[in-house]
Each structure stands twice: as C-alpha cells, then as structure tokens.
1. Select the helices (runs of 4 or more DSSP H) contained entirely in segment 1-116, then report the ones holding at least 3 residues which are under 19 Å from Arg137 (Cα atoms).
2. For Val139, indicate whether it is buried (at least 18 other Cβ atoms within 10 Å of the Cβ) and either out of contact with any Cys (no Cβ under 6 Å at 6 or more places or on another chain) or closer than 20 Å to Asn9 by Cβ (or both).
3. Are there any pairs, at least 6 apart or on different chains, whose C-beta atoms fall under 6 Å, with the first in segment 5-18 and acidic (Asp, Glu) and the second assigned to a helix (DSSP H, G or I) and at pLDDT 95 or above, and if so, which?
4. Farther than 20 Å from Leu12 by Cβ, modelled with pLDDT of 95 or more, among the polar types (S, T, N, Q) and in a helix (DSSP H, G or I), is that true of Gln120?
5. Has segment 110-122 got at least one residue that is out of contact with any Lys or Arg (no Cβ under 7 Å at 6 or more places or on another chain), crowded, with 21+ Cβ neighbours inside 10 Å and under 20 Å from Asp6 (Cα atoms)?
6. Yes or no: Pro130 modelled with pLDDT under 95 and closer than 22 Å to Ser3 by Cβ?
7. Determine which member of the set Ile133, Ile144 is buried (at least 18 other Cβ atoms within 10 Å of the Cβ) and in a helix (DSSP H, G or I).
8. Before we move on, is Ala104 within 25 Å of Leu12 (Cα to Cα), surrounded by 16 or more Cβ atoms within 10 Å (Cβ to Cβ), out of contact with any His (no Cβ under 7 Å at 6 or more places or on another chain) and among the small types (Gly, Ala, Ser)?
Amino acid sequence: MRSSIDVHNHLLADDIPHEVSQLSGPLRDLSAAPGVLGLEGVTVGKPTVLTNGDGVVLVLAPAEEDVDVAQVAELLGRQELHPIEPDEAPGLTGYLLPFVPPVALECPVTVVLDEQLAHQDVVYTAAGEPGVILKVRGVDLVKITSAVVSSVTGTAER
C-alpha cells in the first residue's frame, strides 16, 4: 500500500508547493471534512474513482456534492464508467478507496477536476491515508494532474 509519503514525494519531485497535514482524528471520508475542519465545502475535493475497463478515472468534486457519473462518461467519451468497489481500490490505485489522492497512483489515471474546485485558491483533498489531508493550490492541482476541468456535479447551467 502507498501512503501520504508517496504523495508528498511525487509533488516535491515536480516542485509543486503543498502541505500534507496530520489531522487530530481520522475522517471516514472527505465528505465530513468541511464540518470537522471548519472549511467551506467548495474547497474540499472528495475523490470518486471510476473505471470501465479502459483505465481509471479519478474525479475530484466539492465534498458536499455528488458526482454525476453519466456527465463524466459523456465528457470523456468513456461509456459504461462506474464507481470501483472498495476492495478493487488498493489493487488498482495503491490506496484505500476514500483516501485515493489525485497523484502518485499505481495505475495510469485520467483526473477530472470539478470547475468549482479548480477556481479555488487552495484545495484540500485526500493524501493517501486516513487522518491526513493534502493542501494544494487549485492551479497547481490542474497542472500536476493534467486534469480535465469541467462541471461534474450536475449543478452547472447547461
């Protein structure tokens, strides 16, 4: 299994300013982070990991919103995208499902970043293990992941 050290080293190697912080207590998943940490929901990126046999897609969207999987599939032209099962995550990504970070995965990954997060000065997201959070600038997150930036929560005007 990989850890937040892998995430930290990956970002250091690419000269991306960031912080990896130990939290005072574990979070079951990132959807609880805004309330626990006193952050705005739109600044916390909750990972959703999808696949369809053509590889892995990691979607980061605001913690309090649900990803529209059909919207992501249409955006990427990848039919039959579906969330991976928790027991599949370590083998595919190297991390436990709720804590899959946007970088340093074991597999090639397409990252989709919700436009609400991309426009934040600072984004907080999974750092690879429970009780640890990654803090990185939105623009750096887009750069380091080569993310596709789009609305993926079904909240944008069409």
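1. Working: elements: 4-13, 33-37, 69-76, 89-93.
The helices (runs of 4 or more DSSP H) meeting that bar are 4-13, 33-37.
2. no
3. Listed pairs, sorted by first residue: Asp14/Ile144.
4. On the way: farther than 20 Å from Leu12 by Cβ: yes; modelled with pLDDT of 95 or more: yes; among the polar types (S, T, N, Q): yes; in a helix (DSSP H, G or I): no.
Taking the combined requirement at face value, the residue does not satisfy it.
5. yes
6. Numbers: modelled with pLDDT under 95: yes; closer than 22 Å to Ser3 by Cβ: yes.
Yes, satisfied.
7. Numbers: Ile133 fails: in a helix (DSSP H, G or I).
After ruling out the rest, the residue left standing is Ile144.
8. Values: within 25 Å of Leu12 (Cα to Cα): yes; surrounded by 16 or more Cβ atoms within 10 Å (Cβ to Cβ): yes; out of contact with any His (no Cβ under 7 Å at 6 or more places or on another chain): no; among the small types (Gly, Ala, Ser): yes.
Considered against the rule, which asks whether it is within 25 Å of Leu12 (Cα to Cα), surrounded by 16 or more Cβ atoms within 10 Å (Cβ to Cβ), out of contact with any His (no Cβ under 7 Å at 6 or more places or on another chain) and among the small types (Gly, Ala, Ser), Ala104 comes out as no.
The values are calculated or read from the model by the stated rules, or taken from the named source; none is laboratory data. A quick note: this is a predicted structure, and the numbers were derived from the prediction, not measured. All Cβ positions, even for glycine, are placed from backbone atoms using ideal geometry, and neighbour counts span all protein chains on display.
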